Amino acid sequence: MNGLFVHGIPAVVPEAEAALCRSRLLLAVDALRKATGVEEVDIRITKAVIDSASSHSSRLEEWEELSVSDRAERYTPTSPLWGMDRLIAPGGLLDELDAVVRMAELEDLVFSTWGMREIEPFPRSVLNFHGPPGTGKTLAAHAVASSLGRNIIAASYADIESKYHGDGPKNVEALFFAAQRDNAVLFIDEADSLLSKRLTNVTQGSEQAINSMRSQLLICLERHRGVVIFATNLVENYDSAFETRVRNIRFSLPDKEVRAAIWRVHLPKQLPLADDVDIPDLAERSDGFCGREIKQAVLDAVFRAARRGSVVCREDFVGAVERIAANSRKKQL
Ligand SMILES: Nc1ncnc2c1ncn2[C@@H]1O[C@H](COP(=O)(O)OP(=O)(O)OP(=O)(O)O)[C@@H](O)[C@H]1O
Ligand SMILES: [Mg+2]
């Protein structure tokens, strides 16, 4: 299903729900394409009725003519959803994030008031959180914003990319404009194609479009004052222009000790737990899990207990871990 994007799911929707919704929509569209042979699709779900092709195209024209500040209206800041206390990570990673926060707090003083920008034009508050899915990158971006007492503007690559020629770079500019306007932390998710050197399997046109987005991104990064966080799963082939400007922070699958702490942070005080719940044992059993899978296991176990109308016990968690492990084994086959 290359080339299909679902965007517009509100940021407040939990990621598991959002992912489910996205995959259902993508599967439905894929089935439609297979059944009908239709290749080009641009399906929208809107409140307004788009009744004719002409009103559609006139809207596009209006959109193309919008100024950067008008475009920036659609990028709205939100309060961070999580604080640093929710992020469980090895000490080294927490120290690194802490250093980023302290540096961002001092940025104005050091770089502007004390003139250090003459020496170092890129104050290195441009970060790339990279690592496997579900390891806490999005969570950490919110936590950094929360520690700085700033709002966050989150956009994914799909929100920025536009198939209408020339729109991608304008959207990049608008996004940075919005972040500056609101003094918000800018979080650009799924940024792999933006940061990487070369795309495979794309047409000439798309490649050009991405290249001009990259150039715009460099210009914006150069001018921007504030924290910018990219998140990527895998950037094998960095564009060297970004390598020198972006500070890479690696997120890894949790080891046993970190998993135990992730289990704990997902069990609120009010949750009625049976005495037989054994966190070290669950940490052992969830070997290979990412944080998101631990969260899913907790939700699964808690709902089962709620349906039964009793406290959550060891068996609920063990069963949930086994189901999730079996599911991910199935996916790998
Ligand atoms: N290191 C962690 N500490 C605490 N909770 C975690 C951690 N990693 C994942 N989680 C849990 O899993 C959820 C999903 O993690 P998150 O969305 O931050 O992962 P991600 O690295 O951004 O994944 P993706 O690459 O798929 O976007 C979090 O909201 C949290 O409940
Ligand atoms: Mg994420």
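Taken over the range 82-97, the criterion of being within 16 Å of ligand 2 (Cβ to nearest atom) and assigned to a loop (DSSP other than H, G, I, E, B) is satisfied by Trp82, Leu87, Ile88, Ala89. Identification of helices (runs of 4 or more DSSP H) wholly contained in the range 206-324 with 1 or more residues that are within 16 Å of ligand 2 (Cβ to nearest atom) yields 256-265, 291-308. Would it be correct to say that Asp300 is surrounded by 14 or more Cβ atoms within 10 Å (Cβ to Cβ) and modelled with pLDDT of 95 or more? Answer is yes for this residue. The lone criterion from (1) closer than 23 Å to Ala261 by Cβ; (2) surrounded by fewer than 19 Cβ atoms within 10 Å (Cβ to Cβ) left unmet by Thr113 is number (1).
Of the residues in the range 63-78, none is in contact with an Asp or Glu (Cβ under 9 Å, 6 or more places away or on another chain), among the polar types (S, T, N, Q) and modelled with pLDDT of 95 or more. Scanning the range 94-116 for residues that are touching a residue at least 60 places away in the same chain (Cβ under 8 Å) and under 25 Å from Ala11 (Cα atoms) gives Leu97, Val100, Ala104. Close contacts from the range 135-148, counting a first residue that is within 8 Å of Gly83 (Cα to Cα) and among the hydroxyl-bearing types (Ser, Thr, Tyr) and a second that is more than 9 Å from ligand 2 (Cβ to nearest atom) and assigned to a helix (DSSP H, G or I), with Cβ to Cβ under 6 Å and a gap of 6+ residues or different chains, come to Ser147/Met84; Ser147/Val101.
Would a scan of the range 253-260 turn up a residue that is outside the structural domain of Asp85 (by TED's automatic domain parsing) and in contact with a Lys or Arg (Cβ under 7 Å, 6 or more places away or on another chain)? No; the residues of the range 253-260 include none that is outside the structural domain of Asp85 (by TED's automatic domain parsing) and in contact with a Lys or Arg (Cβ under 7 Å, 6 or more places away or on another chain).
Scanning the range 207-240 for residues that are modelled with pLDDT of 85 or more and touching a Lys or Arg at 6+ places or on another chain (Cβ under 7 Å) gives Leu221, Ala231. Of all residue pairs spaced 6 or more apart or on separate chains, those with beta-carbon atoms under 6 Å, a first member in the range 27-54 that is part of a helix (DSSP H, G or I) and a second member that is modelled with pLDDT under 75 are Asp30/Met1.
You will find that of Ala104, Ala89, Ala72, Ala99, the residue that is touching a Phe, Trp or Tyr at 6+ places or on another chain (Cβ under 6 Å) and in the same structural domain as His224 (by TED's automatic domain parsing) is Ala72 and no other.
The values are calculated or read from the model by the stated rules, or taken from the named source; none is laboratory data. As the structure is a prediction and not an experimental result, all values here were calculated from the model. Please note: Cβ atoms are built from the backbone with ideal geometry, for glycine as well, and neighbour counts cover all protein chains shown.
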